[in-house]
Amino acid sequence: MEHLKTDYEGAIKEINALTAENSMLEGIISQAEQYFSLSDKPDRSAADDLRLNISRQTVIANSILTRADLDRLKKEKAEQDTKISALKKTFESCKKKYEMYREIAATYHDIAEGDHISKLIVAEKEKHKAEQEKKDEQEKKDEQIKKKNKPRLKKYLYLLQDLDIPEL
């Protein structure tokens with residue numbers, strides 16, 4: 001169980017680290033694409049020149065000198081995406097196993113203390129009690145509606161008797 005817990009925590013840390021790095025790569029790729037797009041543009045506005053200068057700093061800081069470097073970075077990101085996806089699947093599997101083993105251990109502990117059966121009995125009694133209370137509440141509401149509508153019904157029947165309705 002401890003081994004599973006260690007694997008579980010390790011998977012969380014690795015996924016978080018890769019996700020952070022992947023997010024950073026995504027930003028760098030976006031800046032590099034903007035840089036190459038703007039550098040190819042013949043008529044740039046002042047705003048374009050400003051964006052070009054900003055993206056140039058990112059490109060230089062990350063040694064992206066050519067489009068081939070950008071393509072290499074995109075390939076690296078795609079590989080990371082695949083690795084993150086695989087880790088997430090492994091993590092989910094590990095998480096399910098960990099939860100299952102933890103539940104088994106808790107049940108075993110309850111049984112070992114002799115308390116499990118009594119808890120099941122109490123839970124079943126509470127369930128039946130809640131169902132009965134719900135049923136009683138509905139019957140009470142139905143009875144209140146009948147009491148409320150009884151005088152009206154008598155009044156309508158009385159009024160109907162006074163009407164001269166021809167038979168068909």
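The values are calculated or read from the model by the stated rules, or taken from the named source; none is laboratory data. From a predicted model like this one, the values you see are computed outputs, not experimental measurements. Cβ sites come from the backbone with ideal geometry, for glycine too, and all protein chains shown count toward neighbours.
For the criterion of being farther than 29 Å from T90 by Cβ, under 38 Å from the mean Cα position of the chain (by Cα) and loosely packed, with under 11 Cβ neighbours inside 10 Å, A32 fails. Once segment 72-94 is narrowed to residues that are of a type in the set (K, R) and within 30 Å of H3 (Cα to Cα), the residue that is surrounded by the fewest Cβ atoms within 10 Å (Cβ to Cβ) is K89.
Can you find even one residue in segment 95-114 that is closer than 20 Å to A20 by Cα and either touching a Gly at 6+ places or on another chain (Cβ under 8 Å) or surrounded by 15 or more Cβ atoms within 10 Å (Cβ to Cβ) (or both)?
First, pick out the residues of segment 95-114 that are closer than 20 Å to A20 by Cα: none.
Looking for residues that are closer than 20 Å to A20 by Cα and either touching a Gly at 6+ places or on another chain (Cβ under 8 Å) or surrounded by 15 or more Cβ atoms within 10 Å (Cβ to Cβ) (or both), one finds none in segment 95-114, hence no.
Would you say L50 is surrounded by 11 or more Cβ atoms within 10 Å (Cβ to Cβ), at pLDDT 90 or above and under 30 Å from S93 (Cβ atoms)? Break it down into steps so the answer makes sense when it comes.
Details: surrounded by 11 or more Cβ atoms within 10 Å (Cβ to Cβ): yes; at pLDDT 90 or above: yes; under 30 Å from S93 (Cβ atoms): no.
It is false that L50 is surrounded by 11 or more Cβ atoms within 10 Å (Cβ to Cβ), at pLDDT 90 or above and under 30 Å from S93 (Cβ atoms).
Screening D69 with (1) under 30 Å from T6 (Cβ atoms); (2) surrounded by 11 or more Cβ atoms within 10 Å (Cβ to Cβ) gives one miss only, at (1).
Results for (1) within 19 Å of Q34 (Cα to Cα); (2) not basic (K, R), shown as yes or no for each residue.
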residue: V59; (1), (2): yes, yes
residue: L65; (1), (2): yes, yes
residue: L73; (1), (2): yes, yes
residue: K77; (1), (2): yes, no
residue: I104; (1), (2): no, yes
residue: K125; (1), (2): no, no
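Among all residues of segment 15-36, there is at least one that is assigned by TED's automatic domain parsing to the domain that holds E99, within 30 Å of Y101 (Cα to Cα) and without any contact (Cβ under 8 Å) to a residue 24 or more places away in the chain.
One residue alone among I64, I117, I84, I111 is part of a helix (DSSP H, G or I) and farther than 30 Å from E9 by Cα, and that residue is I117.
For (1) at pLDDT 90 or above; (2) assigned by TED's automatic domain parsing to the domain that holds S30; (3) hydrophobic (A, V, I, L, M, F, W, C); (4) out of contact with any helix residue (DSSP H, G or I) (no Cβ under 7 Å at 6 or more places or on another chain), each residue gets a yes or a no:
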position: V59; (1), (2), (3), (4): yes, yes, yes, no
position: R67; (1), (2), (3), (4): yes, yes, no, no
position: R72; (1), (2), (3), (4): yes, yes, no, yes
position: C94; (1), (2), (3), (4): no, yes, yes, no
position: K127; (1), (2), (3), (4): yes, no, no, yes
position: E131; (1), (2), (3), (4): yes, no, no, yes
position: K135; (1), (2), (3), (4): yes, no, no, yes
position: Q144; (1), (2), (3), (4): no, no, no, yes
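Does A46 qualify as being out of contact with any strand residue (DSSP E or B) (no Cβ under 6 Å at 6 or more places or on another chain) and more than 19 Å from E26 (Cβ to Cβ)? Judged against the criteria, A46 is a match.
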